[in-house]
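Undergrad: Take a look at this one; I'll ask things after.
The values are calculated or read from the model by the stated rules, or taken from the named source; none is laboratory data. Since the model is a prediction, treat every value here as computed from it, not as a measurement. Neighbour counts are summed over all protein chains in view; Cβ atoms, including those assigned to glycine, are modelled from backbone coordinates with ideal geometry. We work out accessible area using only protein heavy atoms, side chains counted, and drop any ligands, DNA or RNA first. Shrake-Rupley method; radii C 1.70, N 1.55, O 1.52, S 1.80 Å.
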Amino acid sequence: MSTTPNIGFLSLGCPKNLVDSERILTELRTDGYNIVPSYENADLVIVNTCGFIDSAVQESLEAIGEALAENGKVIVTGCLGAKEDQIRQVHPKVLEVSGPHSYETVLKQVHQYVPKPEYNPYINLVPKQGIKLTPKHYAYLKISEGCDHRCTFCIIPSMRGDLDSRPIGNVLDEAKRLADAGVKELLVVSQDTSAYTLDKTKADKSKTAFWNGMPIRNDLLSLCEQLAKLNIWVRLHYVYPYPHVDKLIPLMAEGKILPYLDIPLQHASPKILKAMKRPGAIDRTLERIKQWRQICPELTLRSTFIVGFPGETEQDFQLLLDFLQEAQLDRVGCFKFSPVDGAVATEMDNQVPEEVKEQRFHRFMQLQQQISAQRLQQKIGKTLAVIIDEIDDDGIIGRSMADAPEIDGVVYLDNPNQSAVKVGDIVQAVIHNADEYDLWGEIV
């Protein structure tokens with residue numbers, strides 16, 4: 001009977017949190033622990049929490065409670081872990097609590113309650129790319145921690161700290177390991193991808209770094225240029241609209257990185273953007289979108305918005321709808337403003353009633369669905385590159401370059417020629433139908 005201890009693991013929240021979970025799991029496997037998918041066989045359970053909005057806090061607290069009820073030995077980490085008092089008030093029996101990206105602390109806590117097993121090099125094999133929680137053909141590449149912005153609806157800096165960029169050489173080393181392991185798509189993530197290395201260049205004025213013995217500029221553009229040399233899909237998420245983002249568009253037009261930008265614009269009313277402490281020059285944003293599309297006609301733009309922010313009037317909301325009509329964004333997410341303990345906006349005057357938030361949310365989504373449907377209709381008859389995510393008895397499901405996993409649409413595929421296709425392949429498909437979110441086509 002094996003004496004190797006089992007660790008249960010539950011990861012909640014965003015892709016950035018998922019990357020934290022992957023790192024902890026990699027270290028645990030390196031130490032010789034088994035990772036198990038159930039509570040009952042676990043010697044200890046780790047819950048990596050989210051604490052961004054109230055609904056996420058509630059989900060995390062419920063997950064902790066379930067782990068305690070099913071197992072009893074629970075360590076909590078992640079964003080909600082930054083609020084230890086709040087966790088212990090609800091669940092006083094948790095063993096330990098730590099904040100986000102506290103990898104070493106979590107490992108020490110595990111060692112304390114479940115002693116580190118004897119190392120066996122024939123059993124404790126960890127792949128060079130580490131443990132991944134995504135399918136083998138795509139992976140998240142986190143390039144920095146924290147954020148220097150102080151948006152009034154957000155508490156991320158208080159939980160994850162200020163911007164802390166990873167060294168560009170380390171990022172590129174990880175990317176190469178992933179590509180060598182068969183990853184076909186890298187999803188670049190951080191709290192503020194556009195700010196990558198700005199903290200380092202401000203601190204030491206160093207504009208040059210070295211990788212593989214060659215000098216490279218220490219910035220996001222150079223990172224993308226180097227990632228492009230891996231000859232896999234590179235998709236950018238959470239791109240704050242700094243002016244230097246314009247320099248990335250030619251790379252997309254040349255096919256070096258995916259023609260896809262995920263830019264969280266949040267609103268279109270100058271008054272509301274100012275209250276959010278977000279960039280407020282919405283006319284300039286529209287002008288840049290037009291310029292981007294002129295340079296790269298295939299560009300897919302994704303964004304997120306908040307409706308019902310404190311002080312939002314019907315006029316402010318109409319400005320947002322007008323922006324949607326003019327910008328014609330491809331992929332859009334919408335959230336009703338949610339009060340968050342510790343966020344400045346939670347204490348602002350003129351809170352919008354819940355029924356008004358709900359009504360505006362539906363009006364927003366109805367308009368955007370029409371826009372999305374119209375834009376997807378334009379793809380009918382085109383041949384698109386599609387990466388295969390799933391194959392089962394019902395058919396083949398993939399994603400085009402315009403679709404990020406989990407958050408965007410999918411492409412449902414027929415395979416009339418019975419071509420040999422497997423998960424992770426990138427195929428060519430002719431599109432013959434579309435709705436508000438998804439496409440249908442067949443492999444050619």
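Undergrad: What's the extension gain from Glu314 to Glu355 if we count 0.36 nm per residue and subtract their Cα-Cα distance?
TA: 13.4 nm
Undergrad: Could you state how much accessible area Cys296 has, in square angstrom rounded to the nearest 10, with a 1.4 Å probe and all protein chains kept in place?
TA: Cys296 exposes around 10 Å² with every protein chain in place.
Undergrad: Right, another one. Rounded to the nearest 0.05, what FRET efficiency do Ile407 and Lys116 give with R0 = 51 Å and r taken as the Cβ-Cβ distance? Could you check? Intermediate results must be reported in sequence, preceding the final value.
TA: Values: r = 38 Å, r/R0 = 0.74.
Calculated value: 0.85.
Undergrad: Per residue of the chain, what 222 nm ellipticity follows from adding -39500 (n - 2.57) for every DSSP H run with n ≥ 4, rounded to the nearest 500? All intermediate terms of the calculation are to be shown ahead of the outcome.
TA: Working: 13 runs with 149 residues, N = 444.
Mean residue ellipticity, 222 nm, calculated: -10500 deg cm²/dmol.
Undergrad: Kindly flag which residue pairs out of Lys16/Lys184; Lys142/Lys274; Lys83/Lys108; Lys142/Lys271 have an alpha-carbon separation exceeding 23 Å in this structure.
TA: Table pairs above 23 Å Cα-Cα are Lys142/Lys274; Lys142/Lys271.
Undergrad: Place the peptides 376-382, 31-37 in order of packing, highest mean first, counting for every residue the other Cβ atoms within 10 Å and averaging per peptide.
TA: Ranked by mean Cβ neighbours within 10 Å, highest first: 31-37, 376-382.
Undergrad: Classify the range 208-252 as rounded, prolate or oblate, taking a ≥ b ≥ c as the square roots of the eigenvalues of its Cα gyration tensor: rounded when a/c is under 1.5, otherwise prolate if a/b is larger than b/c and oblate if not.
TA: oblate
Undergrad: Can I ask one more? Take the Cα coordinates of the range 138-378, assign each an equal point scatterer, and use the Debye formula without solvent to give log10 I(q)/I(0) at q = 0.11, 0.15, 0.16, 0.18 Å⁻¹.
TA: The calculated log intensity ratios at q = 0.11, 0.15, 0.16, 0.18 Å⁻¹ are -0.63, -1.10, -1.22, -1.40.
Undergrad: Here's a follow-up. Taking +1 at the Cβ of each Lys and Arg and -1 at the Cβ of each Asp and Glu, which of Ile216, Thr3, Ile282 sits farthest along the dipole of the chain towards its positive end, judged by Cα position relative to the Cα centre?
TA: It is Ile216, whose Cα lies furthest towards the positive end.
Undergrad: From the phi angles alone, apply the Karplus equation (6.51, -1.76, 1.60; θ = phi - 60°) to the range 348-365 and give each ³J(HN,Hα) in whole Hz, x where the residue is Gly or Pro.
TA: Using θ = phi - 60°, the values come out as 6, 6, 6, 5, 7, x, 4, 5, 6, 4, 4, 5, 5, 4, 5, 5, 4, 5 Hz.
Undergrad: Going 7 Å from the Cα of His432 in the Cα-to-Cβ direction, what parts of the range 373-413 have a backbone nitrogen less than 12 Å from that spot?
TA: What the label zone holds, given the 12 Å backbone N cut-off, is 381, 413.
Undergrad: At 1.4 Å probe size, with no ligands or nucleic acids counted, give the accessible surface of Asp408 in Å², nearest ten.
TA: Result for Asp408: roughly 30 Å² accessible.
Undergrad: Across the chain, where is the longest run that never hits GluC sites (Glu not before Pro) in a DSSP loop with at most 12 other C-beta atoms within 10 Å?
TA: That would be 255-405.
Undergrad: When all alpha-carbon pairs of the chain are counted, what percent fall beyond 40 Å?
TA: 22
Undergrad: Stretched out fully, how many nm does the piece from Lys136 to Lys422 gain, at 0.36 nm a residue minus the Cα gap?
TA: On the way: separation 286, 0.36 × 286 = 102.96 nm, distance 1.19 nm.
Using 0.36 nm per residue and subtracting the Cα-Cα distance, I get 101.8 nm.
Undergrad: Charges at C-beta only: +1 for Lys and Arg, -1 for Asp and Glu. How large is the resulting dipole of the chain about its Cα centre, in Debye rounded to 20?
TA: So the dipole magnitude of the chain works out to roughly 1560 debye.
Undergrad: On the protein heavy atoms, probe 1.4 angstrom, tell me the percent of accessible surface of the chain carried by carbon and sulfur. Intermediate values should be presented prior to the final figure.
TA: On the way: 10440 of 20570 Å².
On the chain, the fraction of accessible area on carbon and sulfur atoms equals 51 percent.
Undergrad: While we're on this one: Which whole-number value in Å² is the accessible area per residue of the chain, probe 1.4 Å?
TA: Roughly 46 Å² per residue, with all protein chains present.
Undergrad: Run the simple label-point estimate for Arg284 and Asn41 please: 7 Å along Cα→C-beta, distance reported in nm.
TA: 5.7
Undergrad: Also: Do any cysteines of the chain lack a neighbour Cys whose Cβ is under 4.7 Å away, and which are they?
TA: Cys14, Cys50, Cys79, Cys147, Cys224, Cys296, Cys334
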